[in-house]
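Notes follow once the structure below has been shown.
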Amino acid sequence: MTSTPTTSDWQDPGAVSLMLDDCATWAVVGLTPNTDRTAWSIASLMQQRGKRIVPINPDAAEVLGETGYATLADVPFPVDVVDVFRRSEAAGEFADQAVAIGARGVWFQLGVIDEAAFERTRAAGVAMVMDTCPAIELRKR
């Protein structure tokens, strides 16, 4: 019998370290050119930390100097982490797409929670972090 993941599982230090330290290419679902949006400020921070940002948004042709793509499947190169800025009820499909494209990790932002997607993603052997932000985790270091 497997145990139900807990909040501490959602922010497993190993998964956090894998994504922040070992993953270079971050697809950011929901990223727009709107500098007032949290997705933009976090993507900008990650870019400053040396990450390649890949905007995933059908309405964003370019953000932070990077070409945008309508879907994860449209990205013509490997993606390490899929960072999801969508409501909880819409986020799970992006975890599934991340697994399908071979991403090494999935990151659901602060307040984005989908326990079933977390279980599916981890069962597929993909690291997942949920209900926290890279900026928060970077400050803890």
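Here, each number is a calculation from the coordinates, and none is a lab measurement. Because the structure is predicted, anything quoted here is derived from the model rather than measured. Reconstructed Cβ throughout: ideal geometry from the backbone, glycine too, with neighbour counts over all protein chains shown.
Of note:
- For a modelled paramagnetic label at ARG87, 7 Å from Cα along Cα-to-Cβ, the residues of region 101-127 in reach, with backbone nitrogen under 20 Å, are 108-118.
- FRET efficiency for the pair ARG37 and ALA124, taken as 1/(1 + (r/R0)^6) with r the Cβ-Cβ distance and R0 = 25 Å, rounds to 0.25.
- Sum of -39500 (n - 2.57) over DSSP H runs of 4+, divided by residues of the chain (222 nm, nearest 500): -11000 deg cm²/dmol
- Phi to ³J(HN,Hα) by Karplus 6.51 cos²θ - 1.76 cosθ + 1.60 over region 101-106, Hz, x for Gly, Pro: 8, x, 4, 8, x, 10
- Sequence-separation-based contact order of the chain, relative, with Cα cut under 8 Å and 6+ spacing, percent: 23
- Residue exposure sequence - ILE113, ILE136, ILE53 - by fewest surrounding Cβ within 10 Å: ILE136, ILE113, ILE53
- For GLY68, distant residues with modelled amide H under 5 Å away: GLU62, VAL63
- Placing unit charges on the Cβ atoms only, positive for Lys and Arg and negative for Asp and Glu, gives the chain a dipole magnitude near 380 debye about its Cα centre.
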